[in-house]
Amino acid sequence: MFIIWKETYVNYMSGKHSPRQTILIADDSEMNRAILTDMLGDEYEIMEAENGIEAVSILQKYGNSISLLLLDIVMPEMDGFGVLAVMNKNRWIEDIPVIMISAESASVHVERAYELGVTDFISRPFDALILHRRVVNTILLYAKQKRRMGLVADQIMEKEKQSSLMIDILSHIVEFRNGESGMHTRNIHTITELLLRRLGQMSDKYQFSHEEISVISTASALHDIGKIAIPSEILNKPGRLTNEEYEIMKTHSAVGDSMLEQIP
């Protein structure tokens, strides 16, 4: 059973998330947890785990809401290094900073902790002011990194929108020259997406990520881009094409390939 500070527990059970950031303290010593809670409880929501198994369970359930993990090394059932191994396996370590607080200050322990991705290592007995400052600095640092990542993600999305818009414009130019209704490109996009998803369901050989499916489906709109180079009298000829005209028409795929090849 988790040992969770009462207010935090009530907030999660009621679905009301406090605006204050949350720190998870994983330590088998009730006294150590109480000391850290007294130091940080006025500024942060505190969740507690008395061993590594409980810490992993809390991270699995509430990981997105945890701003920092204060982790001891020596704990029953699963030690601190075991917790770090699970965090690395599940890539939680990328989003949740870890400060290891332990009396095990041998260099081999410190080196292993840093190798497993901890942000900081503080040996007991610790200075309360220094620990508080390191906690604040670590949380602020990760908050800034998340904001920067959000800005980068927004920029990438904006570029993707611009690329999609340009592809839409180019594909519609081709359709306009070819006298088509404008739905042909949209249909190709939809069919391509459906086929890729179906391929992934049918065979392990064809596993596409959501991003790959999006890129390929969007790019499919340019399958006829080479028709820009086909003379209008051939492209829009109402009757059957001659053999010579058909040979010219067939070059549109190679022309399209050449055009796209030169795009950065």
- line: Per GNM of the chain with C-alpha springs under 10 angstrom, the most fluctuating residue out of L141, L195, L68 is L195
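Express the accessible area of the chain per residue in Å², computed with a 1.4 Å probe while the remaining protein chains stay in the model. Working shown, then result.
Values: 16360 Å² over 264 residues.
Ligands and nucleic acids excluded, the figure is 62 Å² per residue.
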query: Sorted by average packing, counted as other Cβ atoms within 10 angstrom per residue and highest first, what order do 128-140, 204-216 take?
result: 128-140, 204-216
- request: Heavy atoms only, probe 1.4 angstrom, no DNA, RNA or ligands counted: give me V74, V110 ranked by accessible area, highest first.
  value: V74, V110
Anchor K237: aspartates and glutamates whose Cα lies under 19 Å away (excluding residues fewer than 8 positions away in-chain): E175, E180, D224, E245, E247
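Multiply the residue separation of V110 and S214 by 0.36 nm, subtract the distance between their alpha-carbon atoms, and state the gained length in nm to one decimal.
Working: separation 104, 0.36 × 104 = 37.44 nm, distance 4.40 nm.
Result: 33.0 nm gained on full extension.
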task: Identify all aspartates and glutamates with a Cα-Cα distance to K161 below 17 Å; exclude those on the same chain that are fewer than 8 residues away in sequence.
output: E211, E212
message: Which residue fluctuates most in the GNM of the chain (Cα springs below 10 Å): E45, E244, E94?
response: E244
query: Can you give the Kirkwood hydrodynamic radius of the chain from its Cα pairs, in Å with one decimal?
result: 23.3
query: Label points 7 Å out from Cα along the Cβ direction at R197 and H172: separation in nm?
result: 2.5
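Set the Förster distance to 25 Å, then compute FRET efficiency between M157 and Q60 from the Cβ-Cβ distance, nearest 0.05. Before the final figure, lay out the partial values.
Working: r = 29 Å, r/R0 = 1.15.
Given R0 = 25 Å and the Cβ-Cβ separation, E is 0.30.
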task: For N90 paired with A34, estimate the spin-label separation in nm (one decimal), with each label point 7 Å from Cα along the Cα-to-Cβ line.
output: 3.0
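The values are calculated or read from the model by the stated rules, or taken from the named source; none is laboratory data. Source: prediction; values computed, not measured. Ideal geometry is used to build each Cβ from the backbone, glycine not excepted, and the neighbour counts take in all protein chains shown. Ligands, DNA and RNA are excluded from the accessible area calculation, which covers all protein heavy atoms including side chains. Shrake-Rupley method; radii C 1.70, N 1.55, O 1.52, S 1.80 Å.
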